Amino acid sequence: MPRIPVPVGTGYYVDESIAISGRDCVNFRPHIPESQTLTDSCLIGTGGVEQKTLTEVGAYNRGGYDLDEQAYFVNGQRLYRVDYTEDGFGNRTYTNIDVSGGVLILGTALVSMSANDDQLCIVAPDYDNQFNMWLYTVADGLVQVSDPDFDGPVLNTSFSDGYFIFPKKNSNKWFISDLRDGSSYIATDFASAESDPDNIVVIKPLRGLVFVFGVKTLEPYQNQPSGAGFPYERINSGIYNKGCAAPMSVVESDNALFFIGSGKRERPGVWATNGGQPIKVSTPSIDKLIFSGGIEQVKQAWAIQWGDKGDSFIQFTVPDVCTVVYSLSSKLWFRKQSVDSNLNPQPSRITSMVDAYSVLLVGDQLSGNIGIYSDETFYEYGQEIRSYFTTAPIDNNGDPFSIYAVELMMETGTVPIDGQGSDPVIRLSVSKDGGRTFSPEISRKVGKIGQYRNRIAWDSLGRFDRSAMLRFDISEPIKRVIVKLEVVIGS
């Protein structure tokens, strides 16, 4: 009877028709080994979050940024700085300091943040007021902009060439601050995007240029100062008919801008540009997933970028719908999920990530907690992380068959010494109808600490008329590495 290898590290692919593919991948990231190994592809569990400090009970994170190598978070309507102290053994204690000074950052939606050397700029896009921008400096604290030439309300902020940059809300107009001063403005320092009558939604710098995203268009500008006047000029040869559908979804990684966007008469997908023609990054199944809640949910999506262990990741969260992650190394997609206090699955609860103090500090959508994201953490704010994946259909050239054995190779014997997950299990369930329904789960022990050669196998899974799909599920707080999968089938 043949022993068939079944690929595991292929990422997320749930087709328009589940009869074609129902391959899910949640809280596992696909990994492609860089040389010949036991497997061509594998899965590694995603990281968790260890809580470090609580800013405010009942608050939730609206954004985070670093200023002068220190981490700042907007939780609720206050600005907090996160500091740490270290004992003689290298152990850190993190604390938060309310630096808002009684000034409230109004609104409830996620904020947009940017910074120069000593000024942190914060925009609250849902606060419908001309002065919906706040500026923080260590010397002066948090103040609301008051210059009458600040032409708000604005949608977001970015920083380039010494200027803070803002798109005016519901307009094709954008403007800049004075040079190196986010508190001062000149009424004539503005431009209009005119290649198409769509409104500007976000502006981002890249490689010495400034990219002005409309709903359906993209225009690059170059800083060419020639004395007094507005310093930016449009590059007419670089205009593209691809716009941004979600202003908070634009992030830079690998010398390119990634964003959720579309052209005319297109549904949104994930695109990337390094200054040239935007190219499609997402697959049709990812497009279907992020649009499954409708365009209004897509407009509220946000993105986070980070790098770890030689790979870079871009995470897009559509609120109440999904979180999808793109690996720049493998070029594959996977999903991330969190659970709420009732253990109900939801999109990832991470709303912002700040690289400071040699760690990744993250804000929380569900609370005022600030935590540290790490691949060495196997909980998320004390809640379990459920990782699971579904295989592609297994068949026998259309003939009925039986599965006599399934063997899953994992990294075993590396459970934490502290006793958590000291005797972990992984669960298998089987589908005979193309992934529509699955059997009750069958558990197998992964192996206690030191049991590096433990074999994980299931026997006699039954007979199948046409195809079989396998789903593996693990929620134990252990390192999760799925190396390969093999099945033995026969007529």
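Structure notes:
- Matching residues in the range 11-35 - criterion: being in a loop (DSSP other than H, G, I, E, B) and under 21 Å from Thr317 (Cα atoms): Gly11, Tyr12, Asp15, Glu16, Asp24, Asn27
- Filtering the range 67-92 to residues that are free of Cβ contacts under 8 Å to residues at least 12 places away in the same chain and among the acidic types (Asp, Glu) leaves Glu86, Asp87.
- Residue check for Leu43: surrounded by fewer than 17 Cβ atoms within 10 Å (Cβ to Cβ) and at negative phi: no
- The single condition among (1) outside any strand (DSSP E or B); (2) within 25 Å of Glu476 (Cβ to Cβ) that Ser100 does not satisfy is (2).
- Ile314 being closer than 26 Å to Gln77 by Cα, under 17 Å from the mean Cα position of the chain (by Cα) and not aromatic (Phe, Trp, Tyr): no
- For the range 135-167, the candidate set comprises residues that are hydroxyl-bearing (Ser, Thr, Tyr) and closer than 19 Å to Ile105 by Cα; within that set, the residue that is surrounded by the fewest Cβ atoms within 10 Å (Cβ to Cβ) is Ser146.
- Meets criteria (in a loop (DSSP other than H, G, I, E, B), closer than 29 Å to Gly238 by Cα, in the same structural domain as Ala245 (by TED's automatic domain parsing) and at pLDDT 95 or above) for Lys264: no
- Of all the numbered requirements in (1) in the same structural domain as Gln300 (by TED's automatic domain parsing); (2) closer than 30 Å to Gly9 by Cα; (3) of a type in the set (S, T, N, Q), Ser35 misses one, and that requirement is (1).
- Qualifying residue in the range 300-310 (condition: free of Cβ contacts under 8 Å to residues at least 40 places away in the same chain, surrounded by fewer than 18 Cβ atoms within 10 Å (Cβ to Cβ), within 25 Å of Ala124 (Cβ to Cβ) and not aliphatic (A, V, I, L, M)): no
- Answer from Asp98, Asp87, Asp117 - the residue that is among the acidic types (Asp, Glu), over 26 Å from Gln297 (Cα atoms) and in contact with a Phe, Trp or Tyr (Cβ under 8 Å, 6 or more places away or on another chain): Asp98
- Failed item in (1) crowded, with 16+ Cβ neighbours inside 10 Å; (2) more than 30 Å from Gln383 (Cβ to Cβ); (3) not assigned by TED's automatic domain parsing to the domain that holds Val354, with Gly9 passing the rest: (2)
- Subset of the range 391-450 [in contact (Cβ under 8 Å) with a residue 60 or more places away in the chain and among the hydrophobic types (A, V, I, L, M, F, W, C)]: Ala392, Ile394, Phe401, Ile403, Ala405, Val406, Leu408, Met409, Met410, Val415
- Condition met for Asp117 (assigned by TED's automatic domain parsing to the domain that holds Gln300, surrounded by 15 or more Cβ atoms within 10 Å (Cβ to Cβ), in a loop (DSSP other than H, G, I, E, B) and among the acidic types (Asp, Glu)): no
- Flag for Leu104 being assigned by TED's automatic domain parsing to the domain that holds Pro284 and of a type in the set (A, V, I, L, M, F, W, C): yes
Quick grid of which residues meet (1) within 21 Å of Asp375 (Cα to Cα); (2) of a type outside the set (Asp, Glu):
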{"residue": "Pro5", "(1), (2)": "no, yes"}
{"residue": "Gly9", "(1), (2)": "yes, yes"}
{"residue": "Cys25", "(1), (2)": "yes, yes"}
{"residue": "Pro30", "(1), (2)": "yes, yes"}
{"residue": "Ile44", "(1), (2)": "yes, yes"}
{"residue": "Gly48", "(1), (2)": "yes, yes"}
{"residue": "Arg62", "(1), (2)": "no, yes"}
{"residue": "Glu86", "(1), (2)": "no, no"}
{"residue": "Thr93", "(1), (2)": "yes, yes"}
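- Scope the range 237-250; condition surrounded by fewer than 19 Cβ atoms within 10 Å (Cβ to Cβ) and in contact (Cβ under 8 Å) with a residue 40 or more places away in the chain; matching residues: Ile239, Asn241
- Checklist (1) farther than 15 Å from Tyr232 by Cα; (2) in contact with a Phe, Trp or Tyr (Cβ under 8 Å, 6 or more places away or on another chain) applied to Ala139, failing item: (2)
- Test result for Asp126, surrounded by fewer than 20 Cβ atoms within 10 Å (Cβ to Cβ), over 26 Å from the mean Cα position of the chain (by Cα) and acidic (Asp, Glu): no
- Candidate set from the range 232-255 (those that are in a loop (DSSP other than H, G, I, E, B) and in contact with a Lys or Arg (Cβ under 6 Å, 6 or more places away or on another chain)); member that is nearest to Ser171 (Cα to Cα): Ala246
- Within the range 267-306, the set of residues being out of contact with any strand residue (DSSP E or B) (no Cβ under 7 Å at 6 or more places or on another chain) and part of a strand (DSSP E or B) is empty.
- Options Phe166, Phe175: the member that is of a type in the set (Phe, Trp, Tyr) and within 15 Å of Ile122 (Cα to Cα): Phe166
- Condition met for Ile239 (touching a Ser or Thr at 6+ places or on another chain (Cβ under 7 Å), over 22 Å from Tyr127 (Cα atoms) and assigned by TED's automatic domain parsing to the domain that holds Val298): yes
- Members of the range 333-371 that are farther than 20 Å from Asp473 by Cβ, among the β-branched types (Val, Ile, Thr) and surrounded by fewer than 20 Cβ atoms within 10 Å (Cβ to Cβ): Val359
- Test result for Arg455, among the basic types (Lys, Arg), at pLDDT 90 or above and more than 30 Å from Leu361 (Cα to Cα): yes
The values are calculated or read from the model by the stated rules, or taken from the named source; none is laboratory data. These numbers were taken from a predicted model, which means no experiment stands behind them. Don't worry about glycine lacking a Cβ; one is built from the backbone with ideal geometry, like all the others, and counts go over all protein chains shown.
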